[in-house]
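The values are calculated or read from the model by the stated rules, or taken from the named source; none is laboratory data. Quick caveat, the model's predicted, so the values are computed rather than measured. We place every Cβ from the backbone using ideal geometry, glycine too, and count neighbours over all the protein chains shown. Side chains included, ligands, DNA and RNA excluded: accessible areas come from the protein's heavy atoms. Shrake-Rupley method; radii C 1.70, N 1.55, O 1.52, S 1.80 Å.
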Amino acid sequence: MTFGEQPAYLRVASDLREKIVNGSLPPHTRLPSQARIREEYGVSDTVALEARKVLMAEGLVEGRSGSGTYVRERPVPRRIARSGFGLTAGANPFRQEQAAEGARGTWESRSEQEPASAAVAERLGIEPGDRVMRTRYVFRDAGEPMMLSTSWEPLAVTGRTPVMLPEEGPLGGCGVVERMAAIDVVVDNVVEEVGARPGLAEELLTLGGVPGHVVMVVERTYYASGRAVETADVVVPADRYRIAYHLPVR
């Protein structure tokens with residue numbers, strides 16, 4: 001193979017991908033069989049199989065038991081707005097983010113205490129094993145799961161206070177900034193790092209994806225005078241949503 005030349009399976013996958021994108025192979029159309037690919041492109045069964053695996057990993061096609069491989073319906077990506085984390089009475093970040101789109105979402109949550117893992121402890125600036133409140137969320141838009149979030153708050157900050165449980169008490173469901181302000185902790189900085197990775201099996205099961213689908217992960221941490229008071233992983237399906245930031249110029 002000369003420099004710059006693609007392996008045969010990638011060339012086949014590229015051509016089939018182009019046909020899917022330009023509509024020659026529309027959604028719900030059966031992908032050419034392995035034998036058809038072998039004959040049309042002059043490749044081996046192994047190459048045909050690997051090309052199909054590439055398209056499946058990219059989320060362009062899906063296998064149906066006993067029927068074959070079909071082109072998936074391609075969702076039109078929707079926007080999730082990230083426009084600030086100010087003190088807005090009664091609004092958590094999810095409500096604030098959806099407000100720009102005129103959408104009304106719902107969420108489910110569950111909180112429980114646990115010892116901080118090494119990774120969480122590093123993000124919060126505490127010792128591994130220190131107690132934290134972990135809260136897991138499933139956010140929905142029109143009933144469709146759209147986003148997952150897991151947050152951790154050090155109980156050294158919130159323990160034995162009215163805001164120890166993020167979704168219960170007088171400020172249940174409010175944002176971190178407002179909840180912390182209620183216990184005289186002034187949040188003055190938020191850091192978000194955005195990355196991408198293959199979704200975990202349990203994440204994709206909840207979000208409605210298939211194995212191999214990519215998710216965007218926002219690692220968000222709130223700080224008060226340099227001390228981390230909450231950190232969270234926000235997980236969003238990369239094929240259905242885009243994260244849009246609106247940052248004020250100061």
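Could you check Ala156 against (1) open to solvent by 30 Å² or more (accessible area, probe 1.4 Å); (2) touching a residue at least 60 places away in the same chain (Cβ under 8 Å); (3) over 20 Å from Glu108 (Cα atoms) and say which number it fails?
(2)
Mind listing just one residue for me: the one in the stretch 141-153 that is surrounded by 15 or more Cβ atoms within 10 Å (Cβ to Cβ) and within 18 Å of the chain's Cα centre (by Cα) and, of those, nearest to Gly226 (Cα to Cα)?
Trp152
Restricting attention to the stretch 192-220, and to residues there that are acidic (Asp, Glu) and open to solvent by 70 Å² or more (accessible area, probe 1.4 Å), which single residue is farthest from Val138 (Cα to Cα)? Let's see the steps before the verdict.
Quick first cut of the stretch 192-220, residues acidic (Asp, Glu) only: 192-193, 202-203, 219.
Now restrict to residues that are open to solvent by 70 Å² or more (accessible area, probe 1.4 Å): 193, 202, 219.
Numbers: Glu193: 20, Glu202: 12, Glu219: 16 Å.
So, considering only residues that are acidic (Asp, Glu) and open to solvent by 70 Å² or more (accessible area, probe 1.4 Å), the one farthest from Val138 (Cα to Cα) is Glu193.
If a residue has to be of a type outside the set (Asp, Glu) and either within 16 Å of Tyr137 (Cβ to Cβ) or crowded, with 16+ Cβ neighbours inside 10 Å (or both) to count, how many in the stretch 159-171 make the cut?
Residues meeting the conditions: 6.
Got a number for residues in the stretch 172-190 being within 26 Å of the chain's Cα centre (by Cα) and either surrounded by 14 or more Cβ atoms within 10 Å (Cβ to Cβ) or outside any loop (DSSP other than H, G, I, E, B) (or both)?
12
Output the residues belonging to the stretch 51-66 that are free of Cβ contacts under 8 Å to residues at least 24 places away in the same chain and under 12 Å from His28 (Cβ atoms).
Arg64
With the condition kept exactly as written, say whether any residue in the stretch 221-231 is open to solvent by less than 20 Å² (accessible area, probe 1.4 Å), closer than 25 Å to Val132 by Cβ, hydrophobic (A, V, I, L, M, F, W, C) and touching a Lys or Arg at 6+ places or on another chain (Cβ under 9 Å).
Looking through the stretch 221-231, at least one residue is open to solvent by less than 20 Å² (accessible area, probe 1.4 Å), closer than 25 Å to Val132 by Cβ, hydrophobic (A, V, I, L, M, F, W, C) and touching a Lys or Arg at 6+ places or on another chain (Cβ under 9 Å).
For the stretch 19-40, give me each residue that is surrounded by fewer than 17 Cβ atoms within 10 Å (Cβ to Cβ) and in contact (Cβ under 8 Å) with a residue 24 or more places away in the chain.
If the condition is that a residue be surrounded by fewer than 17 Cβ atoms within 10 Å (Cβ to Cβ) and in contact (Cβ under 8 Å) with a residue 24 or more places away in the chain, then Pro26, Pro27, His28, Thr29, Arg30, Ser33 are the ones that fit.
So that you can scan it fast, the table gives a plain yes or no per residue for (1) at pLDDT below 95; (2) part of a strand (DSSP E or B); (3) under 19 Å from Gly172 (Cα atoms):
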| residue | (1), (2), (3) |
| --- | --- |
| Glu97 | yes, no, yes |
| Thr106 | yes, yes, yes |
| Ser111 | no, yes, yes |
| Arg123 | no, no, no |
| Glu127 | no, no, no |
| Ser149 | no, yes, yes |
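For the stretch 115-153, enumerate the residues that are of a type in the set (S, T, N, Q) and free of Cβ contacts under 8 Å to residues at least 24 places away in the same chain.
Correct list: Ser117 only.
What is the one condition in (1) in contact (Cβ under 8 Å) with a residue 60 or more places away in the chain; (2) assigned to a strand (DSSP E or B) that Thr206 does not satisfy?
Of everything listed in (1) in contact (Cβ under 8 Å) with a residue 60 or more places away in the chain; (2) assigned to a strand (DSSP E or B), Thr206 misses just condition (2).
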